[in-house]
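Student: Just passing along the structure, written as structure tokens.
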Amino acid sequence: MNHVPYRIYLNEQEIPRQWYNLRADMKEHHAPYINPATMKPAELEDLLPVFSREVCLQEMDTEHRFIDIPEEIMEYYKMYRPSPLCRAYNLEKELNTPARIYYKFEGNNTSGSHKLNTAVAQAYYAKQQGMKRLTTETGAGQWGTALAMACAHFDLELTVYMVKISYEQKPYRKAVIETFGADIIPSPSTTTEIGRKMLADDPNGGGSLGTAISEAIELSVKSEDCRYTLGSVLNHVLLHQSVIGLESKLAMEKIGEYPDIVIGCAGGGSNMGGLMSVFMGDKLNGTRNPYFIAVEPASCPTLTRGRYAYDFCDTGRITPLAPMYTLGCDFRPSAIHAGGLRYHGMSPTLSKLYHDGYLNEARAVGQKSVFEAATLFSRCETILPAPESSHAIRAAIDEAIKCRETGEAKTILFGLSGTGYFDMSAYMQYQNDEMVDYTPTDEELARSLAALPVIPGVQETV
Ligand SMILES: *Cc1c(COP(=O)(O)O)cnc(C)c1O
């Protein structure tokens, strides 16, 4: 093979002009969302008061394989895309592995993560519909930052509910979000009914993504010119993130490569879903057979120890019920540092693919081994990775070590979803040997799973 450069860049003309809708290639679809008020499958009309119209249509779309990216969104993408595909030569050398390791780096924009890919799309569609304001929640702050940037561009107001523990751990996130002109409120807060209830139950609670979602939705449904946005989990988010996979495949084609293994960290499943999109399409169509690994924290083991069932997407139990792997919407993950991975549920599409065996493997890893991998990676590759992304690094390193042992020269592709500059307190904890691993007991999981909603006529497992 000719020499492969360290960074394989595409040019501006090669940014995909259409998103890839993986669901059009799935022979079976996930069961429908259920409206908790009627216990009937959710219709478009049920979603319209919450999300902007175009986004609702995309959410339901199982037919159109490719969906045009509007010109305004293309123009925005050009400010920071295509993102580089990198060959991890130095990491390979350090590991003394015959494997070829590639990573797609999505932290090259100011928001620091892949979340901008969908933030700009969601802000654009809300603006098109005449909305004045958006609401959302943010866990570690990446989504709030990305959406604040997108709202500034399209001149929309934004209220962000940030999980309180992250709000306190990451004061700079607040400053960035406010710089872009958004309001940010620590959750649980006194501004909503569910927030006040959570505070009454546990005044010192650190909050959770589930509660912050409830607060943001509550605010949005109260006003006509306001819509809610979600930065992960849902089908339209995975659709927008397909640019990651489309660019990766094109860049790999240019150097005559195709991944044997595709690895992503999975919180709600959007960066993994986006990275694997076209490769999974190849698998579904029988043209290729890459091996997919989703990596999650041992402290929030949704795929590896959760149940495949209907559950609410939020703690306040106001969202539609989604068929997904879940730990139960009452599950309170411990305060690990990969805030973006502290979510009780998982993308229904990813869940379905995992359940049916197309997404081959889910792996849970402890945060100390994750920071060990992050530290090694940063020294080799000169990028300081986000704790979330470092879960994927951990698995990529482990797969490369396996290759060293078997002598197989596999091609590994992983998603480096973001940078970790706002996570330095976590790196400091790791360096000072103060970091602890936390794994929930079976009893703990059983308790939150016991509270899963019961749907008449639907078996416990989807
Ligand atoms: C939010 C986030 C994640 C987790 O979300 P997914 O929807 O599972 O991708 C992973 N990495 C980074 C950098 C994030 O900001």
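Student: Taking the condition assigned to a loop (DSSP other than H, G, I, E, B), under 29 Å from ALA200 (Cβ atoms) and of a type in the set (Val, Ile, Thr), does THR287 pass?
Tutor: Numbers: assigned to a loop (DSSP other than H, G, I, E, B): yes; under 29 Å from ALA200 (Cβ atoms): no; of a type in the set (Val, Ile, Thr): yes.
Here the answer is no, as THR287 does not meet what is asked.
Student: Another question, if that's okay. Would you pick out the residues in the range 113-142 that are modelled with pLDDT under 95 and within 11 Å of the ligand (Cβ to nearest atom)? I'd like the intermediate steps shown before the answer.
Tutor: Pass one, the range 113-142, residues modelled with pLDDT under 95: 137-142.
Selection gives THR138, GLY139, ALA140, GLY141, GLN142.
Student: Only one residue in ILE318, ILE412 is more than 16 Å from the ligand (Cβ to nearest atom) and open to solvent by less than 10 Å² (accessible area, probe 1.4 Å). Which one?
Tutor: Details: ILE318 fails: open to solvent by less than 10 Å² (accessible area, probe 1.4 Å).
Checking each option against the conditions leaves just ILE412.
Student: Can I ask one more? Please specify each residue of the range 98-149 satisfying the condition of being touching a Cys at 6+ places or on another chain (Cβ under 7 Å), part of a loop (DSSP other than H, G, I, E, B) and aliphatic (A, V, I, L, M).
Tutor: Passing the criteria: ALA99, MET131.
Student: State whether the residues of the range 286-298 include one that is modelled with pLDDT under 95, farther than 30 Å from GLN13 by Cβ and buried (at least 21 other Cβ atoms within 10 Å of the Cβ). Reasoning before the result, please.
Tutor: Let us first name the residues in the range 286-298 that are modelled with pLDDT under 95, namely none.
The answer is no; no qualifying residue exists.
Student: GLN169: open to solvent by 50 Å² or more (accessible area, probe 1.4 Å), of a type in the set (S, T, N, Q) and under 21 Å from the mean Cα position of the chain (by Cα), yes or no?
Tutor: On the way: open to solvent by 50 Å² or more (accessible area, probe 1.4 Å): yes; of a type in the set (S, T, N, Q): yes; under 21 Å from the mean Cα position of the chain (by Cα): yes.
The answer is yes for GLN169.
Student: Out of ILE244, ILE263, report the one residue that is of a type outside the set (Gly, Ala, Ser), in contact with a Gly (Cβ under 8 Å, 6 or more places away or on another chain) and either surrounded by fewer than 21 Cβ atoms within 10 Å (Cβ to Cβ) or over 21 Å from ALA121 (Cα atoms) (or both). Talk me through it step by step, then tell me what you get.
Tutor: On the way: ILE244 fails: either surrounded by fewer than 21 Cβ atoms within 10 Å (Cβ to Cβ) or over 21 Å from ALA121 (Cα atoms) (or both).
The unique qualifying residue is ILE263.
Student: Just for the range 266-285: of the residues that are more than 14 Å from the ligand (Cβ to nearest atom) and open to solvent by 10 Å² or more (accessible area, probe 1.4 Å), which one is farthest from the chain's Cα centre (by Cα)? Quick ask: steps written out before the conclusion?
Tutor: To start, the set of residues in the range 266-285 that are more than 14 Å from the ligand (Cβ to nearest atom) comprises 278-285.
Checking which are open to solvent by 10 Å² or more (accessible area, probe 1.4 Å) leaves us with 278, 282-285.
Working: VAL278: 17, ASP282: 22, LYS283: 22, LEU284: 22, ASN285: 25 Å.
That would be ASN285.
Student: Right, another one. Condition first: within 12 Å of ALA126 (Cβ to Cβ) and within 21 Å of the chain's Cα centre (by Cα). Now tell me which residues in the range 49-80 satisfy that. Give the derivation first.
Tutor: Keep residues of the range 49-80 that are within 12 Å of ALA126 (Cβ to Cβ), which gives 50-56.
Residues satisfying the conditions are VAL50, PHE51, SER52, GLU54, VAL55, CYS56.
The values are calculated or read from the model by the stated rules, or taken from the named source; none is laboratory data. Here the structure is a predicted model, which means the values were calculated and not measured. Don't worry about glycine lacking a Cβ; one is built from the backbone with ideal geometry, like all the others, and counts go over all protein chains shown. Each accessible area value is taken on the protein alone, full model and side chains, heavy atoms only, with ligands, DNA and RNA left out. Shrake-Rupley method; radii C 1.70, N 1.55, O 1.52, S 1.80 Å.
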